[in-house]
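Presented below is the structure to which this report refers.
The values are calculated or read from the model by the stated rules, or taken from the named source; none is laboratory data. These numbers come from a predicted model, not from an experiment. Note: ideal-geometry Cβ built from the backbone for every residue, glycine included; neighbour counts use all protein chains shown. Protein only, heavy atoms only, side chains kept; ligands, DNA and RNA dropped before computing areas. Shrake-Rupley method; radii C 1.70, N 1.55, O 1.52, S 1.80 Å.
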Amino acid sequence: MFTILTTWISERIITVTAVSVLTVAAVPTTLIIVSHDDHNTIAVIQPADEHSKVVLVSAVKKAGDDLITRLNTSESSCTTQVTQAVSTSTVSAKLQPQLTKAKSEIHSSVAPIVAAIKSDENRFADLKFVTPQDEENELAELNTIAIIALGDGHSTGTITVTCQTVLITITETIQITVSQQTPPPCKTEADAD
C-alpha cells in the first residue's frame, strides 16, 4: 500500500511540474525562456550589451538631469518673485526673517524631489542588466515626477503651489487708525458767571 501511494504521489508531482517547469538557457546576451505547455511559447529577453547599457543609462541620466534643471529653475523663479515682493515693500527690513523662511520653504519643497531623482539615477546606473523596457519605465517615472512637481500645463504642481502659498503668506498689511480728538467744550455765558 505504501509503495502504491508513493508511486501515485510522485506521478502527480511529475505531471504538475511537467506542465509548469520552464527551461532557461542563458546565452551571452540573450535569455531564452521555453515553456513546456501546449502552446510552445518562446520568449526572448535581450539584456543590453555594455554599449547599449551605457546608452540607456545615459538617456535616463539626461532626462533626470533635465528635470533637476527645470526644478532648480522653478525654485529660482519662485525665490525671485518672493524677493521682489518683499523688496518693493515699504517695510522690507522688517520682512527679512519672513523672506528667509519663505526661501527655506520653497527649497524644502524642491530638495526632496531632486534627491529622489538623483537616487533613482544612481540605482538605474547600478543595475546589472538593463533592457529598453527598463529605460521606458524609468523615463515614465521621471515624467510622473515632473507632472507632480511642476504641473502639466492644465494643473499646478507642488512647487507652484508652494510658491503661491509663500507669496500669499508674505503680504503687507497696513493698518490705519484714525483717532478723533474731542475738542474742549465751548465756554458759554453761563460758565463766565
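Some observations on this one:
- Neighbours by Cβ (under 8 Å, 6+ apart or cross-chain): first from the stretch 89-109, closer than 16 Å to I168 by Cα; second in a helix (DSSP H, G or I) and charged (D, E, K, R): I106/E75
- Pair list, Cβ under 7 Å, 6 or more apart: the stretch 55-66 residue of a type outside the set (G, A, S), other residue not in a helix (DSSP H, G or I): L56/A48; L56/V130; V57/V130
- Selection count where residues are under 28 Å from S109 (Cβ atoms), without any contact (Cβ under 8 Å) to a residue 40 or more places away in the chain and not β-branched (V, I, T), scope the stretch 158-181: 1
- Top-ranked residue in the stretch 37-54 [being hydrophobic (A, V, I, L, M, F, W, C) and open to solvent by 80 Å² or more (accessible area, probe 1.4 Å); ranked as modelled with the highest pLDDT]: V54
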